[in-house]
Every structure is written in structure tokens, then in C-alpha cells.
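Engineer: This is the structure, below, for whatever I ask next.
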Amino acid sequence: MDISNGSVIVTGGAGGFGGATARRLAALGAKVVIADVNDERGEALAAELGNGSVYVRTDIMDEASMEAAVAKAVSLAPLRAAVITHGGPPPPDKGGRVINREGQRVSTAHFAQTVQVFLISAYTMSAIAAEAMAKNEPLASNQRGVIVNTASIAGFEGTPGQVPYGAAKGGIIAMALNMARDLAPIGIRSMAIAPGTFATFAYERMGLDKAQEMFGPMVLNPKRMGDPDEYAMLAQQIVENDFLNGTTIRLDAGQRFAA
Ligand SMILES: NC(=O)c1ccc[n+]([C@@H]2O[C@H](COP(=O)([O-])OP(=O)(O)OC[C@H]3O[C@@H](n4cnc5c(N)ncnc54)[C@H](O)[C@@H]3O)[C@@H](O)[C@H]2O)c1
């Protein structure tokens with residue numbers, strides 16, 4: 001898909017995956033809406049891109065906020081791609097194991113919040129974006145747009161102690177093909193990327209050196225965490241390659257979580 005005269009929305013656009021993807025898609029000529037709640041990083045990235053791309057403060061917990069961000073993208077140029085890479089507010093209590101070491105179950109509120117952040121909001125943003133793309137004139141390729149969601153290898157084999165997160169990411173994997181089928185008649189593709197362990201802002205608090213020390217050896221080859229630009233390279237390929245549709249691509253250098 002040619003996005004050079006279009007706009008793109010990237011949720012979590014000020015984050016690791018989102019920022020790297022915004023840079024690559026802006027370099028293809030698209031005006032990017034950086035949809036995030038980190039004002040400082042979002043504004044700085046918009047200034048760096050400098051091609052009419054904008055930061056729009058967007059809370060993925062709020063449907064109206066997501067609608068406004070998509071409307072902003074449409075006002076810049078026809079929306080051709082939505083890349084959904086956000087994090088969100090942490091659950092109200094710690095944990096993730098069905099039953100913790102004290103014998104207590106993970107709260108339903110914890111489960112629900114995790115699913116809200118990583119699955120429901122991704123669905124909502126996908127649907128709002130698809131609604132806007134459906135109004136586009138199709139390109140010569142008969143395509144109107146593409147949606148890229150972010151799953152995780154945790155959605156395939158689970159991360160130990162993270163039942164809610166694995167369930168949410170499994171939902172993203174299930175959604176990719178279903179959504180592709182629904183949107184096929186209007187020329188919109190739907191894909192997902194399932195990353196392994198990547199050095200993004202998500203590991204900022206732990207410290208990237210410590211994270212590399214801990215997670216690098218778990219990766220098959222190369223023995224390091226992924227670089228966010230390696231995610232962005234795949235996102236770019238999905239956007240550009242019309243024959244990628246309806247599936248989730250693992251991007252994990254062979255990493256598998258053990259039980
Ligand atoms: N980093 C990894 O190893 C890894 C692996 C698999 C999947 N993922 C997934 O990738 C996605 C992005 O993660 P990342 O690693 O780039 O993290 P990141 O922390 O670098 O980026 C996440 C971004 O989301 C933003 N955000 C937080 N709350 C928000 C809200 N309410 N509304 C809008 N934006 C909000 C943050 O400000 C941040 O910029 C997540 O869905 C995560 O589950 C990450």
C-alpha cells in the first residue's frame with residue numbers, strides 16, 4: 001500500500017515500538033498522528049518528524065479520545081494505516097497468577113483491566129480506524145487501508161504468571177483473521193505482530209542494561225533483546241505489502257517461554 005499521500009495513526013506512538021514505527025512511516029511520506037499520553041516524548045517526536053506529523057494526546061481507555069485522534073488523522077490526509085502499539089494504566093493490584101503464593105486468586109478487576117488495555121482498546125481503535133478507512137477512495141490496487149495490531153508471543157504459549165496478559169494477547173491473535181475477513185470486501189487488511197522481548201520504554205524502570213542481562217540469554221539467536229526498529233521494519237513491510245493479510249507474525253528470534 002502506498003501511504004505517501006495518506007495519514008497514519010500510531011497508538012503508543014511515543015513508545016518504543018510506536019516511535020520507531022512512526023519514524024519509518026513518516027519517512028515513506030505519511031503524516032503520522034502520534035497517539036499517546038506521554039506529552040513530552042510525543043511532542044518531541046512530532047517535532048523530529050517535521051513533515052506535518054502531529055502529537056495528539058489520546059487515552060486508549062477513552063473511546064471519544066480515540067475517535068478524536070482518528071478524526072485528526074483524517075483531517076490531515078486519507079487514513080491509510082493504523083498501527084496499534086499502546087500500553088496502558090497498570091491493574092489495581094499486583095500479580096497475574098491464577099492463585100498466588102498466599103493462596104489468593106488474581107482479582108477479576110485485574111483481569112478486566114488488562115484485557116481492557118491490551119485487547120478491548122485495540123479492538124475499539126481498529127474499528128474506529130476501519131470506519132474512517134472505509135470512506136477512503138480506494139487506491140489503484142483496490143486497497144483502502146491496513147490495520148496492524150500488536151500481540152505477543154505470550155498470546156501463543158503464555159508468560160509464566162501472566163494469565164490476564166496472555167489471554168488479552170491471545171485475543172489479538174484470534175482477532176487478526178476475523179477482522180481481515182470482515183474488512184476484505186472494502187479493501188482493508190488486518191495483521192498482527194507477536195513480538196518476543198524488546199528493549200522499549202517498558203523496561204525503562206528496570207534499566208535497559210539489567211533487562212538485556214536478564215532477557216537476552218532467553219532468546220535463541222541472536223542472544224539479545226529485540227531492537228524496536230526491528231519491529232518497525234516488519235510494521236513497514238506489512239503496510240507496504242498488500243499480500244500480507246489475516247495472520248499474526250512472530251518476531252522473536254526463536255524465543256519460546258518455558259513452563
Ligand atoms: N517490549 C516488549 O518486549 C513487548 C513484547 C511483546 C509485546 N509488547 C507489546 O507492545 C506494545 C507496546 O509496548 P512497548 O514495549 O513499545 O512499550 P512502551 O512503554 O515503549 O510504549 C507504550 C506506549 O503506550 C503509551 N501509553 C500508556 N498508557 C496509555 C494510554 N492510556 N493511552 C495511550 N497510550 C498510552 C505509553 O506512554 C508509551 O509511550 C504493548 O501492547 C505490549 O504489550 C511488548
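The values are calculated or read from the model by the stated rules, or taken from the named source; none is laboratory data. Not measured: the values here are computed from a predicted model. Cβ coordinates were reconstructed from backbone atoms using ideal geometry, including for glycine residues, and neighbour counts include every protein chain displayed. Just so you know, the surface numbers come from the protein's heavy atoms only, side chains and all, with ligands and any DNA or RNA stripped out. Shrake-Rupley method; radii C 1.70, N 1.55, O 1.52, S 1.80 Å.
Engineer: I'd like to check something: does the range 147-158 contain any residue that is in a strand (DSSP E or B), more than 11 Å from the ligand (Cβ to nearest atom) and not small (G, A, S)?
Structural biologist: yes
Engineer: Scan the range 117-139 for residues that are open to solvent by less than 40 Å² (accessible area, probe 1.4 Å) and outside any loop (DSSP other than H, G, I, E, B) and report the count.
Structural biologist: Residues that pass the stated criteria total 13.
Engineer: What pairs come up if the first residue lies in the range 129-148 and is more than 15 Å from S75 (Cα to Cα) and among the β-branched types (V, I, T), the second is assigned to a helix (DSSP H, G or I) and open to solvent by 60 Å² or more (accessible area, probe 1.4 Å), and their beta carbons are under 7 Å apart, counting only those six or more places apart or on different chains?
Structural biologist: Short answer, once both residue conditions are applied: none.
Engineer: Could you check the range 77-99 and list, in sequence order, the residues that are of a type in the set (A, V, I, L, M, F, W, C) and under 18 Å from D36 (Cα atoms)? Let's see the steps before the verdict.
Structural biologist: Pass one, the range 77-99, residues of a type in the set (A, V, I, L, M, F, W, C): 77, 79, 81-84, 98-99.
Scanning the range 77-99 gives L79, A81, A82, V83, I84.
Engineer: Another one. May I ask you to list the residues in the range 53-76 that are more than 8 Å from the ligand (Cβ to nearest atom), over 18 Å from R23 (Cβ atoms) and either touching a Lys or Arg at 6+ places or on another chain (Cβ under 6 Å) or open to solvent by less than 10 Å² (accessible area, probe 1.4 Å) (or both)?
Structural biologist: Correct list: M66, A69, V70.
Engineer: Hey, another quick one. If you take the residues of the range 163-178 that are in contact (Cβ under 8 Å) with a residue 60 or more places away in the chain and among the aliphatic types (A, V, I, L, M), which of them is farthest from the ligand (Cβ to nearest atom)?
Structural biologist: From the range 163-178, those in contact (Cβ under 8 Å) with a residue 60 or more places away in the chain are 163-165, 172-173, 176-177; that's our starting set.
Pick out the ones that are also among the aliphatic types (A, V, I, L, M) and you get 163, 172-173, 176-177.
Numbers: V163: 15, I172: 8, I173: 12, A176: 14, L177: 19 Å.
Applying the filter and picking the extreme gives L177.
Engineer: Restricting to the range 21-44, what's the tally of residues that are open to solvent by 10 Å² or more (accessible area, probe 1.4 Å), among the hydrophobic types (A, V, I, L, M, F, W, C) and part of a helix (DSSP H, G or I)?
Structural biologist: 3
Engineer: Kindly indicate whether any position in the range 140-151 is within 19 Å of E67 (Cα to Cα), open to solvent by 20 Å² or more (accessible area, probe 1.4 Å) and not hydrophobic (A, V, I, L, M, F, W, C).
Structural biologist: Start the filter on the range 140-151 by keeping residues that are within 19 Å of E67 (Cα to Cα), which leaves 144-149.
Applying the additional criterion that residues be open to solvent by 20 Å² or more (accessible area, probe 1.4 Å) yields 144.
Next cut, not hydrophobic (A, V, I, L, M, F, W, C) only: 144.
Within the range 140-151, one or more residues are within 19 Å of E67 (Cα to Cα), open to solvent by 20 Å² or more (accessible area, probe 1.4 Å) and not hydrophobic (A, V, I, L, M, F, W, C).
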